[in-house]
Amino acid sequence: MRSAKAGRQTKRLPEADPTPYGRFTLWVTGGGASENITAGRGRPSVADEDVRTPNGDNQGMVLHDLLARDHERLDVLLERIVRSDGTVDVESDAEFRRGLLRHIGIEERILFPLLRNDPAGARLIGQLHRDHAALSALLVVPPTSAEVDAIRAILARHNPLEEGSGGMYERAEERAGEALSEVIGRVRSYPEVPLARHADTPVVRRSIAQLVREAEEGWRLLDAERGMGN
Ligand SMILES: [Fe+2]
């Protein structure tokens, strides 16, 4: 078994990404089959399986619906990770980690670039990116109810920023214009993410605390700008 550090050194993302999101994605993802978590591996995600219209095709399915349904699937998985007796459902944990990292990858790699020239979207993307960094970091350590609570709290604010009126999905659909079906095709074919095993070190814990703080500070600033500050 290779260490998380070794996986971090060898696993490369499609594009260089020096950001916290990229750093922690490298940390969470594995570099080879021997360290992959295999539970549930190979199952189609909701993005591939549950977005079909009743007649079995995807006509009329928009980007928003595709990714909002994936949010719903991830919400269900999150609640299954830590059982009421405190034990961990390993399969749900692996499925959630893999699914959330894929979802974040889709947004960072496919949707954010659509909004790069949208000045009004820059602040939105900044906060979504900070949330992604904190979420990715929280996936590194073995899950307890504390990590599940922290992830739930981030997603409770994060997902509406994507799904809501004027949110990221709506803006991305507008920006994609006639290329929307091509964008949806790229989203649907975005690869599964191989996972490294959990790691728990003081460095990881400090990084999680820092990234969660940065996400919370970003939200405070965003709320203040919207006149919701306290
Ligand atoms: Fe997101």
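The values are calculated or read from the model by the stated rules, or taken from the named source; none is laboratory data. Here the structure is a predicted model, which means the values were calculated and not measured. Because the Cβ atoms are built from the backbone with ideal geometry, glycine has one as well, and the counts that use them run over all protein chains shown.
Some points to look at:
- Among the residues of region 168-182, the ones that are within 16 Å of the ligand (Cβ to nearest atom) and either surrounded by 17 or more Cβ atoms within 10 Å (Cβ to Cβ) or among the β-branched types (Val, Ile, Thr) (or both) come to 5 in all.
- Cross-chain or 6+ apart pairs with Cβ under 6 Å, region 63-84 first and more than 30 Å from GLU178 (Cβ to Cβ), then of a type in the set (Ser, Thr, Tyr) and buried (at least 18 other Cβ atoms within 10 Å of the Cβ): LEU77/SER92; ARG80/SER92; ILE81/SER92
- When every residue of region 76-95 is checked against the conditions, at least one turns out to be surrounded by 19 or more Cβ atoms within 10 Å (Cβ to Cβ), within 15 Å of ASN159 (Cα to Cα) and at pLDDT 95 or above.
- Of the residues making up region 183-215, those that are of a type outside the set (A, V, I, L, M) and within 16 Å of the ligand (Cβ to nearest atom) are TYR190, GLU214.
- When region 123-167 is filtered for residues that are of a type in the set (Ser, Thr, Tyr), in a helix (DSSP H, G or I) and more than 15 Å from the ligand (Cβ to nearest atom), only SER145 remains.
- Residue in region 130-142 that is loosely packed, with under 13 Cβ neighbours inside 10 Å and in contact (Cβ under 8 Å) with a residue 24 or more places away in the chain present: yes
- Residues that are surrounded by 16 or more Cβ atoms within 10 Å (Cβ to Cβ) and of a type outside the set (A, V, I, L, M), drawn from region 193-208: PRO194, ARG197, HIS198, SER207
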